[in-house]
Amino acid sequence: MKNRLIITISDVHGSKQYSIHEIIKKVIVGAILLLVTIAFATYLYINFLNNRVSKLNKQKLEFQNEIVKLGEASATYKHKNEILEKENVRLTQRIQENSDKLVSVNEKLEEVEEMIGYGPDLNASFQDRAENARDKVVQAIKEKVEKEQISSIQKALILNSIPNGKPVRYTRVSSKYGYRTHPVTKKQSFHPALDLTANSGTPVYAPASGVVVLAKRKGAYGKLLLLDHSFGFKTAYGHLSRFAVKSGDFVSKGDLIAYVGSTGRSTGPHLHYEVRYLDKWLDPKTFIQWDLENINNISDKITQVDWKSIHKQTQDIITLSTQQ
């Protein structure tokens, strides 16, 4: 019995004993030890796997966080990139606009240089060219101002010598210059004057300096006054009630020369006003509207007058007066 293992099993029916050989005992013990070893190894492996899974989960979470950060960074980068692209487009447009402006300014500068007769220096900078052009323009303006001062004297001489402004204070124009039906004869005829309605006795003034060449009654004109002005101009005044000057008198611009009436062939008190140039009738309306402010416009409206010759004559008169 030395090498045997006795196992006793008890239940309600009693106890039974079993005898097991020692080798079998060792096998069972070995099996138990193997099972324990396997169980322990399995436990360790499971712990290892759990740790590994935990690490993997942690790495997964970190990776997911990295992905989120990268996504945010990518969105930020994309947004910044869009901003930079827009800024680049804007700056490119501004560069193009400024380049176009520079080209335009350079063209204008070339035009100015051409106008003032100053050819561009290819070796000069844009700034130097601009300064040179500015100096030339300033000089041209000074010269123009000097010419304008002379022109002002000419204008004053012309406005004093050639009829301009209203010869009388009138209420309306009862008959215009040109063809009309005569209010008395009822026939179509040419009317070489303006009929300016005014009360009888209203003063009439000289529209320019001149000499009285006629002051008497003459047919349908009734009492007629005729002034001879400079540069070939004359003015006539009809239907007057009486004269304030006589033939041969010299009158200055603005002097009283007569009074409105209704003598001759007339239907009521008014001034028959004529403007003549080299014995040809002109429309007095333009001369009535003529003054210092629009003196340069009259040559465009009245082409029958040799204004170039008149300007030359006035310039000669001014030159002679300054030399004395």
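The values are calculated or read from the model by the stated rules, or taken from the named source; none is laboratory data. On a predicted model such as this, the values are computed, not experimentally measured, just so you know. Every residue, glycine among them, receives a Cβ derived from its backbone with ideal geometry; neighbour counts consider all protein chains shown. Ligands, DNA and RNA are stripped out before the accessible areas are found, and what is left, the full protein with its side chains, is counted by its heavy atoms. Shrake-Rupley method; radii C 1.70, N 1.55, O 1.52, S 1.80 Å.
Remarks
- Of Lys155/Lys234; Lys218/Lys280; Lys223/Lys285; Lys186/Lys246; Lys186/Lys218; Lys155/Lys216, pairs whose Cα-Cα distance is over 30 Å: Lys186/Lys246; Lys155/Lys216
- Cut-off under 5 Å, modelled amide H: who pairs with Lys223 long-range: Lys218, His239, Leu240, Thr263, Gly264
- Applied to the stretch 85-92, the Karplus parametrisation 6.51 cos²θ - 1.76 cosθ + 1.60 on θ = phi - 60° returns per-residue 3J(HN,Hα) values of 5, 4, 5, 5, 4, 4, 5, 4 Hz, with x for Gly and Pro.
- Of the listed residues Tyr177, Tyr43, Tyr273, the order by accessible area with a 1.4 Å probe, largest first, is Tyr43, Tyr177, Tyr273.
- Each other residue within a Cβ distance under 10 Å of Asn164 adds +1 if Lys or Arg and -1 if Asp or Glu, for a net charge of +1.
- Loop-resident sites, the stretch 222-324, for trypsin sites (Lys or Arg not before Pro), counting at most 12 other Cβ within 10 Å (DSSP): Lys246
- Accessible area of Phe40 in the full protein assembly, 1.4 Å probe (Å², nearest 10): 120
- Taking amide H as placed 1.01 Å from N in the peptide plane, His191 has its amide H under 5 Å from the amide H of Gly178, Tyr179, Arg180, each at least 5 places away in sequence or on another chain.
- Using the Cβ of Lys223 as centre and a radius below 10 Å, the other residues enclosed give a net charge of +4, where K and R count +1 and D and E count -1.
- Rounded to the nearest 10 Å², the accessible area of Val53 at probe 1.4 Å: 70
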